1. Listing Cys32, Cys47 from the residue with the fewest other Cβ atoms within 10 Å to the one with the most, what is the order?
2. Applying the Karplus parametrisation 6.51 cos²θ - 1.76 cosθ + 1.60 with θ = phi - 60° to the phi angles of segment 99-113, what ³J(HN,Hα) value in whole Hz is obtained for each residue in order, glycine and proline being reported as x?
3. Along segment 149-159, what does the Karplus equation 6.51 cos²θ - 1.76 cosθ + 1.60 (θ = phi - 60°) give for ³J(HN,Hα), rounded to whole Hz, x for Gly and Pro?
4. For Glu60 and Ser39, compute 0.36 nm times the residue count separating them, minus their Cα-Cα distance, and round to one decimal in nm.
5. How big is the charge dipole of the chain about its Cα centre, in debye rounded to the nearest 20, if each Lys and Arg gets +1 on its Cβ and each Asp and Glu gets -1 on its Cβ?
6. Which of (i) 61, 37, 24; (ii) 28, 20, 17; (iii) 23, 21, 17 is the computed semi-axes √(5λ) of the Cα gyration tensor in Å for the structure on display?
7. Around His161, which amide H atoms from residues at least 5 apart in sequence, or from another chain, sit under 5 Å from its own amide H, with H modelled in the peptide plane?
8. Starting from the 7 Å offset along Cα-to-Cβ, what nm value, one decimal, do you get for the label separation of His157 and Arg15?
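Derivation of every value follows stated rules applied to the coordinates shown; laboratory data play no part. Nothing here was measured: the structure is a model prediction, and the numbers come from that model. For neighbour counting, all protein chains shown are included, and Cβ atoms are generated from backbone atoms with ideal geometry for every residue, glycine included.
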Amino acid sequence: MQAKRIQKDSVIAIRPPVSTDGAAVHALIARCPPLDTNSVYCNLLQCTHFGATSALAEAEGDAVGFVSGYSPPAHPDALFVWQVAVDERARGHGLAKRLIMDILERPGNEHLHYIRTTITARNEASWAMFHGLARKLDAPTEEQVLFDQDEHFGGEHESEHELIIGPFEIQRN
């Protein structure tokens, strides 16, 4: 049975994740194919070690959106967006952008002036969302193959293209 869609006027709360959110994040990602599921332990680490650079959306008592991110050691001024999961019933609310903007606008993240992510060529929804985010941030984009299908994945996975958005400045109140 299909779960009821979340209405446009429903309250969707966004916050940094905490350790007790790991299992709910794991279940959410499992509901969002074709996302790669990681272990619950990995999701626990995302919610704790990377909580300041990740975001969780909740509606009607359920996790309906999650962005995991971190600042790569080689690019401490960047938010690397690792995974974006939006439950099917919460799509159409611009939730992915809202989650990323929540991370960028948080106190303590003033050092973030770039977004970096990887996307497969056929993932049109992700390309559209990230290019829309670049327009919202009024920031340039750059793209290159980061992990090649044959060289890095042994032909078992599509090439991952790195998209870099920035530099940008976030207007804070």
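1. The order, fewest Cβ neighbours first, is Cys32, Cys47.
2. Here the 3J(HN,Hα) series is 5, 5, 4, 4, 5, 5, 8, 5, x, x, 10, 4, 6, 7, 10 Hz.
3. Result, ordered by residue: 3, 8, 5, 9, 10, x, x, 8, 8, 4, 4 Hz.
4. Going from the current span to full extension adds 5.0 nm.
5. Magnitude of the dipole: close to 820 debye.
6. Only one option fits the structure, namely (iii).
7. Here the answer is Ile119, Thr120, Ala121, Leu146, since their amide H atoms fall under 5 Å of that of His161.
8. Each label point is offset 7 Å from its Cα along the Cβ direction, giving 3.2 nm.
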